[in-house]
1. Please give the contour-minus-distance gain from A:LEU272 to A:GLU79: 0.36 nm per residue of separation, less the Cα-Cα distance, rounded to one decimal in nm.
2. What are the residues whose amide H is under 5 Å from the amide H of B:ILE73, where those residues sit 5 or more places off or on another chain and H is modelled from the backbone?
3. Given contacts defined as C-alpha pairs under 8 Å and at least six residues apart, what's the relative contact order of the stretch A:1-103, whole-number percent?
4. Okay, helix-only estimate at 222 nm for chain A: each DSSP H run of n ≥ 4 adds -39500 (n - 2.57), divide by all residues, round to 500 deg cm²/dmol; what do you get?
5. Mind checking the mean number of beta-carbon atoms from other chains within 10 Å of the Cβ atoms in B:106-112?
6. Please give the helix A:166-185 orientation as an angle from the longest Cα principal axis of chain A, in degrees from 0 to 90, rounded to the nearest 10.
7. Report, as an integer, the average count of C-beta atoms from other chains found within 10 Å of each Cβ along A:117-124.
8. Report the local net charge at A:ARG336: Lys and Arg +1, Asp and Glu -1, summed over other residues whose C-beta lies under 14 Å from its C-beta.
There are 2 protein chains.
Amino acid sequence: MKVVEPFPLSDAARSFYVQRPVLVTGGLGFIGSNLVHALAKIGARVTVLDNLNPKYGGNQFNLNGVEGQVELINADQGEEKVLQNVVGRFDSIFNMVGQVSHIDSMEDPYADLYTNVRVHIALLEACRKVGHKPKVVFAGTRGQYGRANGALKRVNESAPIAPVDVNGVNKHAGEMYHFLYSHAYGLRSCSLRLTNTYGPRHTMKTSRQGVIAWFVRQALDGQEVQLFGGGDQLRDCNHVADVASALLLAMFNPAADGEVFNLGSEEPMSLLRIVERIVAVAEKGSVKHIPYPEHLKAIEIGDYAGDYSKIQKILGWLPSISLDTGLAEMVDYYRRNRDHYWRA
Amino acid sequence: MKVVEPFPLSDAARSFYVQRPVLVTGGLGFIGSNLVHALAKIGARVTVLDNLNPKYGGNQFNLNGVEGQVELINADQGEEKVLQNVVGRFDSIFNMVGQVSHIDSMEDPYADLYTNVRVHIALLEACRKVGHKPKVVFAGTRGQYGRANGALKRVNESAPIAPVDVNGVNKHAGEMYHFLYSHAYGLRSCSLRLTNTYGPRHTMKTSRQGVIAWFVRQALDGQEVQLFGGGDQLRDCNHVADVASALLLAMFNPAADGEVFNLGSEEPMSLLRIVERIVAVAEKGSVKHIPYPEHLKAIEIGDYAGDYSKIQKILGWLPSISLDTGLAEMVDYYRRNRDHYWRA
């Protein structure tokens, strides 16, 4: 079993979490569940609120190994009444619920609006109505910037907000709600705008959520990995364990309150090169180029690389896991646990 | 009967509208109905889609005098199926539906989300699903900027988007949706970010929508006009007939496509001075200062004055109606038609 070494937390940060009651919404999903594993390892008292929607990556197996340490509340995250009975117990809430598929958001904007906006209103309204003022860490997305780059230039937090898909609009609205409730009602919040996050516990049921996971599945099945239009778009990839470290630091450090932070990776890479790495690590699969589908061109963002100097400066975070190391662990995870994610 | 002379349209702009089928959503509301009057006067073939929600200012009397020239579709603007049967007939759609109360938006963010986001998705989705690509003019708000100013400096369109109330978040999301659908599906759209709009046909049922209208009602009832906390916040006021001219120019001129424009007035004025003008024009009422309510402080935006040089430069629009002239017409309108708006 391969393991990765994510960005290490300071002793102070670790102590902050020991025995601390922490709520993770969407904790059965990809990023949420990896965060739960990290929290459980440090010794936090974790509660997960999740509606176990398989379409959005919810998977009971994602808590395999930590079930005994985690309280699970199976409920719709948009049910404000449920949330009103829950939020008061937690000063630290990781709000990880979300729908991430760009294509799905274009096909059904109403569903995306529900999951990426209305659900967050429910959490924030629940806090307001019970008069509770926790810190809420939100998972934003590079999609809020849209097609930020012409040439490759790292995108920082003051880049224009110009989403090119429904998902980006709704994620930005969701983020604005967090800061609004902070301002109006005295919660604290911050947002990490994530880029391509990869690693174990990602759903493998669809090609629409997380392109790296889908590449890994195709490779592990010994198939041709289909790459649209040459695959020369640059992406920066963060291993989910590094992302979990960033989230933990953002919650711990009061300097994060009211701030947005981009994540990013040291070396942005073309999708083609990422696929080649996956095929090499998996020792299976091959690359197949296919034409870029017409209906997806409008929501393609081109090159993206996040400028992560702000989070580095303020929270001291850096991406620690190289793509090869991270992919090796990811491939190993799915080799061992494939049956819990897809049928070959 | 007093009349105002709004910013005049060129002959080319007027010709554009003669016999043109035009859809106005929310056309029974304040701004929508004034726009309908302006369109009817030019000779456009106007269709109004409105659910006649009195809470949001819908009032059948607002079309008094032009009923015969207007087709009225009484339906929920969020009913995509209805919209799918309607939008194909119109290359020009003024999307004037909206909820404008800041306080209501804070008390019930779900309702505001419905009216200011979901309803717009329904219109845009209807266009997408029937493959129709009209031009859609959207009514944005200065509330998208939030508390933009420290000292008085005119706010231009590149000021940060930082809403301090739910309404501002949702209005911004609604605007982003318009530009997203333009980009992804080939509609054309633009947004006018309105400031304090006043004039006839505004709802008078509540203090929560449009402070100037409420001041006018109190004055006409011979009451004390209650002013929070000194009333020294600066506001710029646009008469709704000038706003209608701006909307008509924005639809007519292709240079507006894909753009946002602030409106504004020549001389920003304190709320106190505005109330004093209302009392003087109405020759009734008086000013009463009361303490600023605690629960409203968080959503108070301080001074605001829009920089309207962009719309002046690109569309040639200017505010034409002075506050005194505009208030005189407004007061005259409500004197004559009070029973259709409130019981004294």
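Every number in this text was worked out from the coordinates using simple rules, so none of it is lab data. The model shown is predicted, which means the values in this text are computed figures rather than measured ones. Glycine also receives a Cβ, built like all others from the backbone with ideal geometry; neighbour counts cover every protein chain displayed.
1. 65.3 nm
2. Close amide H contacts, sequence-distant or interchain: B:VAL48, B:LEU49, B:ASP50.
3. Reported relative contact order: 32 percent.
4. Mean residue ellipticity at 222 nm (helix-derived): -11000 deg cm²/dmol.
5. 3
6. Computed tilt is about 20 degrees.
7. Neighbouring Cβ atoms belonging to other protein chains average 3 per residue here.
8. So the environment of A:ARG336 carries a net charge of +1.
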